[in-house]
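The values are calculated or read from the model by the stated rules, or taken from the named source; none is laboratory data. Keep in mind the model is a prediction, meaning the values are calculated, not measured. Here the Cβ is made from the backbone with ideal geometry for all residues, glycine too, and neighbour counts use every protein chain on show. Calculation scope for accessible area: heavy atoms of the full protein, side chains included, ligands and nucleic acids excluded. Shrake-Rupley method; radii C 1.70, N 1.55, O 1.52, S 1.80 Å.
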Amino acid sequence: LWHANVAGRDNLRAGLEAPASGHYASNVHADDIDWQIECDFLGQMYPGLPNEAAARAFEIGHIMNYGDGCYGGAFVSAMHAAAYTAGSVKEIVEAGIAVIPENTKFRTAMDIVMAAYNKGSAWEVVWQEVETYCGATDKCPDGLNKPYNIDATINSAYIIIGLLWGEGDFAKTIEISCRCGQDSDCNPSSAASILGNFYGASGIPEIYKANVNYDTTLFDSTTYTLNDLMDMNMKLAKEVILA
């Protein structure tokens, strides 16, 4: 574990329960990207239910994050959930934005991106607008005054820059989100996985599936294969829908 995750775990082991374990007062990584890059499963547990997915994400996220760090998880979870029933990529992004309170720093950053998209600006132009707005506000001590920013807000903006300007194309979405920089392994992965929910497995280009081992390769530090995890998510999704 790293950043907010390890700080949250250390706090739990010290007897500090959530939400205090993720709070700024005890976790200097509260705004980091940790929950945002781990919450995909929640959107898949709540297919077509973005508000419910976001509410659950906000609750769980306080184990290791707070504030913008929790907003990042709620935002991405809502987009995953919305992807199952949305009619367009823009509709997916709008569902994510809708779960974040207005006039927050996080919401303002996403509104900047959406306004630029609606205006027809180039993605490079909105990248600079986002950089100007929140590019120097990273609270992570490892990124302070360095070209290294894992703050949830700016990296969530990079996810939707990829989604919107990628226009539903996997390769273009991944490339743009990656070229935005900062946490550039996580952001294109989040954007592409949201597209995966939107298109379904059969709609994902073969190049991204050709060498995937579903049955025998285990995820690091687990006993789960990819098929095991898909089966588990399906079971949990059915429980959520019945509830």
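If the stretch 100-148 were replaced by its equivalent ellipsoid, with semi-axes equal to the square roots of 5 times the Cα gyration tensor eigenvalues, what would those be, largest first, whole Å?
Largest first, the stretch 100-148 gives 22, 15, 6 Å.
At a Förster radius of 51 Å, what calculated FRET efficiency corresponds to the Cβ-Cβ distance of Ala115 and Val212, to the nearest 0.05?
Computed FRET efficiency for Ala115 and Val212: 0.85.
Lys/Arg Cβ at +1, Asp/Glu Cβ at -1, dipole of the stretch 32-158 taken about the Cα centre: which of Gln44, Ala78, Ser121 is farthest positive-ward?
Ser121
Which value, in Å², gives the accessible area per residue of the chain when a 1.4 Å probe is used on the protein heavy atoms?
Spelled out: the 1.4 Å probe surface of the chain, per residue, equals 48 Å².
Roll a 1.4 Å probe over the protein heavy atoms and report the accessible area of Tyr66 in Å², nearest 10.
Spelled out: Tyr66, probe radius 1.4 Å, area about 70 Å².
If you compute Kirkwood radius over Cα pairs in Å for the structure shown, which of (1) 20.6; (2) 18.1; (3) 18.8 do you land on?
So the structure-derived entry is (2).
Computing the accessible area with a 1.4 Å probe over protein heavy atoms, can you report the carbon and sulfur percentage for the chain? It would help to have the intermediate numbers written out before the result.
Numbers: 6540 of 11660 Å².
Answer for the chain is 56 percent, counting heavy atoms of protein chains only.
Non-local amide H neighbours of Tyr84 (under 5 Å, H modeled in plane, Pro and chain starts lacking H): which ones?
Gly48
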